[in-house]
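The numbers here are math on the coordinates, done by the rules we state, and not lab data. Predicted model, so just to flag it, every value in this text is computed and none were measured. Virtual Cβ from ideal backbone geometry, glycine too; neighbours counted across all protein chains shown.
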Amino acid sequence: MRLRALLSGLAPGDRLPSSRDLVQRYRVGPVTVSQAIAALAAEGAVITRPGSGTFVAPRARAGTEVADTAWQTVALTDRAVDTRSLTDALGPPPAGTITLDGGYLHRSLQPTRALAAALGRAARRPDAWDRAPAIGLSPLRAVFATMAGGGITPDDVLITAGGQSSLSMAFRAIAGPGNPVLVESPTYPGAMAAARAAGLSPVPVPMDADGLRPDLLAEAFELTRARVLYCQPVHHNPTGAVLTPERRRQVVEVARAAGAFVIEDDFARYLGHGGPVPPPLVADDRDGTVVYLTSLTKPAAPSLRIGALVARGPVMARLRDVRLVDDLFVSRPLQEAALELVSSPAWERHLRTLATALRDRRAALAAALARELPGWSVARQPTGGLHLWARLPDGLSDPAMAAAARQVGVAVSAGSRYFATEVPAAWLRLGFAETADAAELVEGVRRLARV
């Protein structure tokens, strides 16, 4: 406020007193002065010139006409991109809100030191800033080929800018606008958003405790003539279900009989809680039915936007073409850093520590729910992933509960976002990975109990 008052008495182009003078004048620390100037610069009120000082920015002329962009509504036609399933209708949560709706790791769970070291080593490579191959660095593709297993080779791998980018590329490469795409019900909202942005129509296929139902999947393929299924066989988001061994085989066989692709989203490959994790569907696929995608983002950090698509046959050629048209290639320094990270002993140590931490947090959240909200029913205790899927008592609305939770300082994810069509019941997805610790999880549930 004091700097704003100072600005009001200066003309555009006038130089502000030096930071040292401002510290002495207002009796504040140099960090406070720097933050205040940075805030004013972000607003456009001042201009900073390194080595010269800070100056008052030109002010908008009174009566300046607002640009008329209404014509764009006609020119853009009806190809709007619907992101409502990806964004919170309540807006960004205020400071102090306990985050139970997140889908990433809290900073305390991220391998920050290993990431910093990996990025430093990658930046020192002589070719770090050269153009990367469109398909990705060969050693990194080899890492993902090993992760997929089976007979997958590095030539079957395409490096992407994370899981969401992989989804967008796969939907656009495999199906054309107006075509249906089968999805589990419920499913990941980002997949539905990517499918709709590609002009596809998500069609739900019911699940039960053992995952996607193959009998209803066969009926859906017959009724819709769809040529693509999107599914998450391991640690499903949001339910946490793991597709049983028998159903794994049946799902691929049903899709193959329909002449359709299976897009297998293996986002939680490194998010197990300590037990065995089934191999990907693609490991047993011999006919190119499965297009597999995974990412390092979830188990590492939100900004490590490195993922992979695995496919064989003409579909891989098309995916590579989409990559060229979209962005040519993924940032080489980031690929190099990812390779350094997963090749270091610190990565395996991180995954072991992360598994224990996620298991403990899941248990803490489940125990708090049982104690404070016994009327809520948790579908299962997942063996991996970042969430619990909780059914609300009959008569409650999940959007209304999410709005009420925000009023007591808790952010939760309304279950209706995870269904492609009608919602059979009221659910909430409750995350346990983006809070500071288990104590914050317990406090979040206590606040929910007051709603």
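At q = 0.06, 0.10, 0.11, 0.14 Å⁻¹, what log₁₀ I(q)/I(0) does a Debye calculation on the Cα points of the chain give, no solvent, two decimals?
Scattering profile of the chain, log10 relative to I(0): -0.33, -0.85, -0.99, -1.32.
Only four residue types carry charge here, +1 at the Cβ of Lys and Arg and -1 at the Cβ of Asp and Glu. Report the dipole size of the stretch 113-345 about the Cα centre in Debye, rounded to the nearest 20.
On the way: 24 positive and 23 negative charges, 135 e Å.
My answer is approximately 640 debye.
Long-range amide H contacts for I98: which residues qualify at under 5 Å (H placed 1.01 Å from N, peptide plane, sequence gap of 5 or more or a different chain)?
For I98, whose amide H was placed from the backbone, the distant partners under 5 Å are V410, A411.
DSSP loop (so not H, G, I, E, B), at most 16 other Cβ within 10 Å: list which trypsin sites (Lys or Arg not before Pro) in the stretch 1-52 pass both filters. Numbers along the way, then the final one.
On the way: sites: R2, R4, R15, R20, R25, R27; in loops: R27.
The qualifying sites are R27.
Show that you can apply the helix-only estimate: for the chain, add -39,500 (n - 2.57) for every DSSP H stretch of four or more residues, divide by all residues, and state [θ] at 222 nm to the nearest 500.
Numbers: 15 runs with 177 residues, N = 451.
Using -39500 (n - 2.57) per qualifying helix, the result is -12000 deg cm²/dmol.
For the stretch 113-345, what is Rg from Cα atoms divided by 2.2 N^0.38 Å, rounded to two decimals?
Working: Rg = 17.3 Å, N = 233, 2.2 N^0.38 = 17.5 Å.
My calculation over the Cα atoms of the stretch 113-345 gives 0.99.
From the phi of every residue in the stretch 95-112, what ³J(HN,Hα) in whole Hz does the Karplus formula 6.51 cos²θ - 1.76 cosθ + 1.60 yield, where θ is phi - 60° and glycine or proline is x?
4, x, 6, 7, 8, 10, 10, x, x, 10, 7, 4, 3, 5, 9, 7, x, 4
Under the rule of at least 5 residues apart or a separate chain, name every residue whose amide H is placed under 5 Å from the amide H of A436.
none
Under the Karplus relation 6.51 cos²θ - 1.76 cosθ + 1.60, θ = phi - 60°, what is the ordered set of whole-Hz ³J(HN,Hα) values for the stretch 199-215, x standing for Gly and Pro?
Result, rounded to whole Hz: x, 8, 10, x, 10, x, 10, x, 10, 9, 4, 9, x, 4, 8, x, 5.
Round to a whole angstrom and tell me the spacing of the C-alpha centers of the stretch 1-20 and the stretch 119-145.
The stretch 1-20 and the stretch 119-145 have Cα centres spaced 47 Å from each other.
How about the stretch 173-272: which trypsin sites (Lys or Arg not before Pro) there are in a DSSP loop, with at most 15 other Cβ atoms within 10 Å of their Cβ? Before the final figure, lay out the partial values.
Values: sites: R196, R225, R227, R247, R248, R249, R256, R269; in loops: R225, R227, R269.
The qualifying sites are R225.
What ranking of T153, T239 emerges when the number of other C-beta atoms within 10 Å of each C-beta is taken as an exposure proxy, fewest first?
Working: T153 13, T239 25.
Least to most surrounded, the residues fall as T153, T239.
From the backbone phi of the stretch 13-22, what are the Karplus-calculated ³J(HN,Hα) couplings (6.51 cos²θ - 1.76 cosθ + 1.60, θ = phi - 60°) in whole Hz, Gly and Pro given as x?
x, 5, 8, 6, x, 5, 4, 4, 5, 5
Sticking with the crude label model, points 7 Å out along Cα→Cβ, report the distance from A41 to A209 in nm, one decimal please.
Result: 6.0 nm between the two label points.
Name the trypsin sites (Lys or Arg not before Pro) in the stretch 271-313 that are in a loop by DSSP and that have at most 13 other C-beta atoms within 10 Å, would you?
Numbers: sites: R286, R305, R312; in loops: R286, R305, R312.
For trypsin sites (Lys or Arg not before Pro) across the stretch 271-313 that sit outside H, G, I, E and B with at most 13 neighbouring Cβ atoms in 10 Å, the list reads R286.
With an 8 Å cut-off on Cα pairs and a minimum separation of 6 or more residues, tell me the relative contact order of the chain in percent.
20 percent
Could you let me know the centre-to-centre spacing of the stretch 207-222 and the stretch 148-191, using Cα atoms, in angstrom?
19 Å
Mind jotting down a quarter of the surface of the convex hull over the alpha carbons of the stretch 336-451, in square nanometres, one decimal?
Details: hull surface 35.7 nm².
Mean projected area for the stretch 336-451: 8.9 nm², to one decimal.
Arrange S413, S108, S166, S138 by Cβ neighbour counts within 10 Å, fewest through most, would you?
Details: S413 22, S108 10, S166 27, S138 13.
With the fewest neighbours first, S413, S108, S166, S138 line up as S108, S138, S413, S166.
Run the quick spin-label model on E372 and W129: label points 7 Å from Cα toward the beta carbon, then report their separation in nm to one decimal.
Label-label distance for E372 and W129, simple model: 5.0 nm.
Kirkwood-based Rg over Rh for the stretch 2-56 (C-alpha set), two decimals?
That ratio is 0.92, to two decimals.
Principal axes first, then extents: for the Cα atoms of the stretch 139-241, list largest minus smallest coordinate on each axis, whole Å, largest first.
42, 32, 23
Would you mind checking which residues have amide H under 5 Å from I306's amide H? H placed 1.01 Å from N; only 5 or more apart, or other chain.
Sorted by chain and number, the residues that satisfy this are G162, L296, T297.
Of T383, Y230, P94, which is farthest towards the positive pole of the chain's charge dipole, taken about the Cα centre with +1 and -1 on the beta-carbons of Lys, Arg and Asp, Glu respectively?
The residue sitting farthest along the positive end of the dipole is P94.
I'd like to know which of F261, S138, L217 lies farthest towards the positive end of the charge dipole of the stretch 113-345, counting +1 on Cβ of Lys and Arg and -1 on Cβ of Asp and Glu.
So the residue we want is S138.
Taking GluC sites (Glu not before Pro) as exposed when DSSP calls them loop (any state but H, G, I, E, B) and at most 10 other Cβ atoms lie within 10 Å, what is the longest stretch of the chain free of them, the sites themselves excluded?
On the way: sites that count: E65, E422.
Value returned for the longest uninterrupted segment is 66-421.
Can you give the local net charge around A194? Use residues other than it whose beta-carbon is closer than 11 angstrom to its beta-carbon, Lys and Arg +1, Asp and Glu -1.
Charge balance in the 11 Å sphere: 0.
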